[in-house]
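Asks: The structure follows.
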Amino acid sequence: MVYIIRRLMQAVFLALVMSFLVFAGIFSVGDPVAILIDPEATQAERVRLVAQLGLDRPFHEQYFIFLGNVLQGDFGNSFVYNRPALELILERMPATLELAFASIVIAVVLGIPLGVYAGLRHGSVGSKTIMAGSILGFSVPNFWQAIMLILIFAVILGWLPVSGRGEVGQFMGIHSSLFTLNGLKHMALPAINLAIGHLALVIRLARSGTREVRAQDYIRFARAKGLSEKRIVMVHLLRNILIPIVTLVGMSFGGLIAFAVVTESIFAWPGMGKLIIDSIHLLDRPVVVAYLIVIVMIFIILNLLVDLLYSLIDPRIRLDEVRQ
Amino acid sequence: MTDVNTLNPDLLEKKPAPERPVWRVIREFRSSHLAMFGLFLLLTIVIAAFLAPWITPQNPYDLRSLSIMDSRLAPGEVGFSGLSFWLGTDGQGRDMFSAILYGLRISLTVGLIACTVALLLGLTLGMVAAYFGGRIDTIVMRLVDLHLSFPPILVALILLAVLGRGLENIILALIIVQWATFARMARATALSERNREYVEAAKSLGLSRTRILFGHLLPNCMPPLMVLYTVEIASAIALEATLSFLGVGLPSTQPSLGLLISNGFQFVMSGQYWISVFPGIALLLLIVAINLVGDRLRDVLNPRNIT
């Protein structure tokens, strides 16, 4: 309990430091007024806009006003959309989460069978092909993969659409592109793009796990008992290679949300990542600051959860608290 | 004067001197064809990139040598000025081959500078943390852990959102992203080396701490760090390309590979693939070449493999 409270306090402190750094940095670059205002506006209109946005006040005042507002859940209005920044971000979060979810499913559903196969048939042509593909998956930069996917599946073959989220269906109160055919088609390329890096990782883990587990006594015993190969693989082997894979998937969820920035801006997927890139280009300070604070909070919470889950899964891993 | 050897035949039959470690590493490295291919590819790319001004048919950033009439020619087409463009041209009539070599130059420079500084920074902090231990160690490692719990692209994005785009800014962002990886590796290596006999020997000789740290501990920590350094250059180049592609990295006056790919992206939809595809292939070859070399170095330098 003490551990959790200490971690939470660290988290709050970290969020404060980050908010200050980000605010100070954003404050010192760029002039949002120049972008927002009509070039033919008079000086009086200009002054009024500056005052309205609070940009005429000194830095520390702006920061404390900002901090006070943040604590009340108010991150300020977007300069561009003229709507609360937090609302904009939360509105786009489901799109990002569903993309991350879809790519985890792809990575696991394809990665485990491919990895297990490569581990069982070590040295065969199929295994070598899979491993070469996984190395390629690591090496090819994500954004270029995306362009290749677009070129092949959208431009040359014309099978799949390349931008937007498509129709959003509703199922049990959840809105998602996963529930319509059109939505799924729109999601296919971005989800594959986001999945490839993790797919390569899952393949590697499943393969090395399989090779390790296969030599264990209990597998030999199962074989000696006369169990079918299928049952040995599906029950005895799979269960034992799953733990590191589950951990990886849990830990990489944050990474997926971060990498979604690239995928979303290429496929014009209306998620948080695209919003942040657009906002950086438009110098939309409140949205950038709000995004950064939200994402830092997500990460702090994710890391905390992973640490706690770790000690649940494996009692040998002790938390700081016990050690001291 | 008589030669000593003629008097003492025993010395003639002495065993040959043990092979120097450097030669062993080179010999073992050469035994892998794949790694040699990677090295060859890497050297070709590096040399071509640094000789770019002398070997490209065109200076892609000298506006006088560009002609808008040549814009978006497909690979192999002959341009208005009689020059043939083997990799096609971009929207401004720029020869893609020349642009790629110039872009490689920028990508390589950024990656090398950033990684080298990050290596030095991480190395110093990691070794100091390992050697002195205690509070310094705790502080450095807390920072490292915190740092590594955020994905690199996010850290870089936050920094660049704050700093704005620019050559110095992206190098700074890459250094900040990478120092922690080096620090962790340096600390782990130094910790395992710290208790070895040669350090004790140096201590008992009464050598100064600085001298033990840099004269004795450092050289023995280098092999795993060199492997990491090689691989990290590849990831720095990839990260720079990604950030430049997103428009938060290098400014358009420094057209790295990422920017070239980004410029070509708008034409991909209309099937004019070469503007994006060829710089991407160059980037891919560079990364694969570095990783092939790094992988082999890891095998060769691993102390467990030394017989």
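The values are calculated or read from the model by the stated rules, or taken from the named source; none is laboratory data. Just so we're clear, the structure is a prediction, and the values are computed from it rather than from any experiment. Neighbour counts are summed over all protein chains in view; Cβ atoms, including those assigned to glycine, are modelled from backbone coordinates with ideal geometry. With ligands, DNA and RNA removed, areas are computed over all heavy atoms of the protein, side chains included. Shrake-Rupley method; radii C 1.70, N 1.55, O 1.52, S 1.80 Å.
Asks: Give me a single rounded figure for A:98-111: the average over its residues of other chain Cβ atoms within 10 Å of their Cβ.
Replies: Working: counts 0, 0, 0, 0, 0, 0, 0, 0, 0, 0, 0, 0, 0, 0.
Mean number of neighbouring Cβ atoms from other chains: 0.
Asks: Right, next: Placing +1 on the Cβ of each Lys and Arg and -1 on the Cβ of each Asp and Glu in the stretch B:108-263, which of B:Leu112, B:Thr181, B:Leu191 has its Cα farthest towards the positive end of the resulting dipole?
Replies: Value: B:Leu191.
Asks: Once Lys and Arg get +1 and Asp and Glu get -1 on their Cβ, which of A:Pro270, A:Val125, A:Val306 lies farthest toward the positive end of the dipole of the stretch A:93-321?
Replies: Highest projection toward the positive end goes to A:Val125.
Asks: Okay, moving on. Provide the gained length on full extension for the span B:Trp23 to B:Leu205, in nm with one decimal, where the gain is 0.36 nm per separating residue minus the Cα-Cα distance.
Replies: 62.5 nm
Asks: On to the next question. Go through the stretch B:221-238 residue by residue and turn each phi into a ³J(HN,Hα) via Karplus (6.51, -1.76, 1.60, θ = phi - 60°); whole Hz please, and just put x for glycine and proline.
Replies: 8, 5, x, x, 5, 5, 4, 4, 4, 4, 5, 5, 4, 4, 6, 5, 5, 5
Asks: Over all residues in B:151-161, what is the mean tally of Cβ atoms on other chains that come within 10 Å of each residue's Cβ?
Replies: What the average comes to for B:151-161 is 6.
Asks: Amide H of A:Asp74: which non-local residues (sequence gap of 5 or more, or other chain) have their own amide H closer than 5 Å, using H built in the peptide plane?
Replies: Placed amide hydrogens put nothing under 5 Å from A:Asp74.
Asks: Still on this structure, I have one more. For the stretch B:108-263, what is the charge dipole size about the Cα centre, in debye to the nearest 20, if Lys and Arg each add +1 at the Cβ and Asp and Glu each add -1 at the Cβ? If you can, show how the numbers build up before the last one.
Replies: Numbers: 10 positive and 8 negative charges, 78 e Å.
Once rounded to the nearest 20, the dipole reads 380 debye.
Asks: Which residues of the stretch A:121-155 show a drop of at least 10 Å² in accessible area when all protein chains are present, compared with their chain alone (probe radius 1.4 Å, heavy atoms only, ligands and nucleic acids excluded)?
Replies: Hits at the 10 Å² cut-off: A:Leu136, A:Ser139, A:Val140, A:Pro141, A:Phe143, A:Trp144, A:Ile147, A:Met148, A:Ile150, A:Leu151, A:Val155.
Asks: Here's another thing I want to ask about it. Please average, across the residues of B:240-250, the number of beta carbons from any other chain that are within 10 Å of each residue's own beta carbon, and give a whole number.
Replies: 4
Asks: Which of the peptides A:285-298, B:288-301 is most tightly packed, and how do the rest follow, going by the mean number of other Cβ atoms within 10 Å of each residue?
Replies: Answer by packing, highest mean first, reads A:285-298, B:288-301.
Asks: Continuing with the same structure: Return the equivalent ellipsoid semi-axes of the stretch A:38-147 as a descending list in whole Å, where each equals the square root of 5 times an eigenvalue of the C-alpha gyration tensor.
Replies: 53, 17, 13
Asks: Could the peptides B:179-192, B:219-232 be put in order, highest first, of the mean number of other beta-carbon atoms found within 10 Å of their residues? Let's see the in-between values first.
Replies: Values: B:179-192: 21.9, B:219-232: 19.0.
So the peptides B:179-192, B:219-232, ranked by packing, come out B:179-192, B:219-232.
Asks: What's the total accessible area buried between chains A and B, using a 1.4 Å probe, rounded to the nearest 100 Å²?
Replies: For A against B, buried area totals roughly 3000 Å².
Asks: Additional query: Please list the non-local residues whose amide H lies under 5 Å from the amide H of B:Gly249, H modeled 1.01 Å from N, same-chain partners needing a gap of 5 or more.
Replies: For B:Gly249, whose amide H was placed from the backbone, the distant partners under 5 Å are B:Ser244.
Asks: Can you give the FRET efficiency for B:Thr44 and B:Glu168, using 1/(1 + (r/R0)^6), R0 = 51 Å, r = Cβ-Cβ distance, to the nearest 0.05?
Replies: After rounding, the FRET efficiency stands at 0.95.
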